[in-house]
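See structure below.
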Amino acid sequence: MAEQILLTASEVAGLLKVCKKTLDRMIKQGRFGPDKIRFGKGVRFSADEVKAWAAHSCPDRDEWLVMPYKKAFVGTGEEG
């Protein structure tokens, strides 16, 4: 199994070219699709899932959860 690369919220924001505050707002409003992965006291995101989400035109979380591609990531993090 390939090693999973995990990104911090700041790294995801940089990848998406938005500020962290904008990313936090997107998550809160349900506009960010990828799952949060608890990592100690912090949160990380799968780099592969973030890239796949962006490649699929950044759908809202509800849309992302039912997309066929998302099924490859089910169970990698926590829902919500």
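The values are calculated or read from the model by the stated rules, or taken from the named source; none is laboratory data. Note that the coordinates shown come from a computational prediction; the quantities given were computed from them, not determined experimentally. Methodologically, a virtual Cβ is constructed for each residue, glycine included, from the backbone with ideal geometry; neighbour enumeration extends over all protein chains shown.
Of all residues in region 20-30, those satisfying the criterion of being surrounded by fewer than 17 Cβ atoms within 10 Å (Cβ to Cβ) and not acidic (Asp, Glu) are 20, 21, 22, 25, 28, 29, 30.
For (1) touching a Lys or Arg at 6+ places or on another chain (Cβ under 8 Å); (2) surrounded by fewer than 16 Cβ atoms within 10 Å (Cβ to Cβ), each residue gets a yes or a no:
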{"position": "12", "(1), (2)": "no, no"}
{"position": "18", "(1), (2)": "no, yes"}
{"position": "37", "(1), (2)": "yes, no"}
{"position": "41", "(1), (2)": "no, yes"}
{"position": "55", "(1), (2)": "no, yes"}
{"position": "61", "(1), (2)": "yes, no"}
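Give, as residue ranges, the helices (runs of 4 or more DSSP H) completely inside region 16-80 that count at least 1 residues that are closer than 16 Å to residue 4 by Cα and at pLDDT below 95. It would help to see each step written out before you state the result.
Numbers: elements: 20-28, 47-55, 61-66.
Because the criterion is at least 1 residues that are closer than 16 Å to residue 4 by Cα and at pLDDT below 95, the helices (runs of 4 or more DSSP H) in region 16-80 that meet it are 47-55.
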